[in-house]
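To start, the structure itself, in structure tokens.
Rule-based calculations on the coordinates, nothing more; no lab input. Predicted model only: the values in this text are computed from it and were never measured. Cβ: placed from backbone, ideal geometry, glycine included. Neighbour counts: every protein chain shown.
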Amino acid sequence: GLQEAARCPLGYLVRHLRRFKWVGVGRNDGRRKGEYAPIFYRRERFERGDRGTFWMSTTPDEAGSTSWGSSRPRIATWVVLRERATGRELLVVNVHLDHKSPEARAEGAKVIRKRIALLAEGRPVVLTGDFNDGPAGAAHATLTDPSPADGGPVLVDARRTSLSGHEGPDSTWTGFQAVKEGRVIDFVLVSNDVTVLRHRSIDDRHEGRFLSDHLPVHALVAL
């Protein structure tokens, strides 16, 4: 799951990650304009089922829509992946919440919860995303509600449930300058029928440079 993927770097990744296929659209028009929140998946292992994108707004199926003081359109990309060898399916959702409006993050999380409740249909769920807020924020609380009112699957934070604990910095934010300790704003959430074997944030610099203003988050899970 990637966030803030513009067309140029997205094209670079598509050309070089040849073992992967991907799904996603631009957030401004639902086609090519604006940043993407794409999902990449291994083509040999999975085949794609239904997929789509919705917006963090009161009209989530309207491309480019915004609400609650959001600074710009914010989206969630989703796809049902079917494992070729077994026929098992899982729902993968990748989100990017607003960086300025707390209300937009909180309400956007409610939109995500409602959609997951409709889309999961008993499948395991993996949600990845830049929440632009920490584990004590309203979005995280809504998405990990242990008794969701929508009747959908319970989601848990892979960082907290990893059988081997968390590895790496206690942060996912760098600002391209330094790892800002205590700034965990990127998450992997899974339905509670998924076992998290490993979780880590990765400080992997190239010649001393950060490749992003966020650190990659990696989770190894068993369905």
Original post:
For the pair residue 202 and residue 170, how long in nm is the line joining their label points, each one 7 Å along Cα→Cβ?
Top reply: 2.3
Original post:
Fully extended, how many nm does the chain gain between residue 83 and residue 181 (0.36 nm per residue separation, minus their Cα-Cα distance)?
Top reply: 31.5 nm
**OP:** Could you give the size of the charge dipole of region 151-213 about its Cα centre, using +1 on the Cβ of each K and R and -1 on the Cβ of each D and E, expressed in debye and rounded to the nearest 20?
**Re:** 40
Original post:
Just from its helices, what would the mean residue ellipticity at 222 nm be for the chain, if runs of 4 or more DSSP H residues each count -39500 (n - 2.57) and the sum is divided by every residue, rounded to the nearest 500 deg cm²/dmol?
Top reply: -5000 deg cm²/dmol
**OP:** Identify, among 25, 188, 68, the residue whose Cα sits farthest towards the positive end of the charge dipole of the chain, taking +1 on the Cβ of Lys and Arg and -1 on the Cβ of Asp and Glu, with the dipole about the Cα centre.
**Re:** 25
Original post:
By a straight-distance test (C-alpha under 28 Å), which lysines pair with residue 114 as possible cross-link partners, with residues fewer than eight away in the same chain excluded?
Top reply: 21, 33, 100
Subject >> Over the chain, relative contact order from alpha-carbon pairs under 8 Å, at least 6 apart, % >> reply: 14
Original post:
Among (i) 15.0; (ii) 13.9; (iii) 11.9, which one is mean projected area of the Cα convex hull in nm² computed from these coordinates?
Top reply: (iii)
Original post:
How would you rank 64-77, 31-44, highest first, on the average number of other Cβ atoms within 10 Å across their residues?
Top reply: 64-77, 31-44
**OP:** Mind giving me the nanometre distance, one decimal, between the label points for residue 110 and residue 7, set 7 Å out from Cα along Cα→Cβ?
**Re:** 3.6
**OP:** Taking the Cα centre of the chain as origin, work out the dipole magnitude from +1 charges on Lys and Arg Cβ and -1 charges on Asp and Glu Cβ, in debye rounded to 20.
**Re:** 860
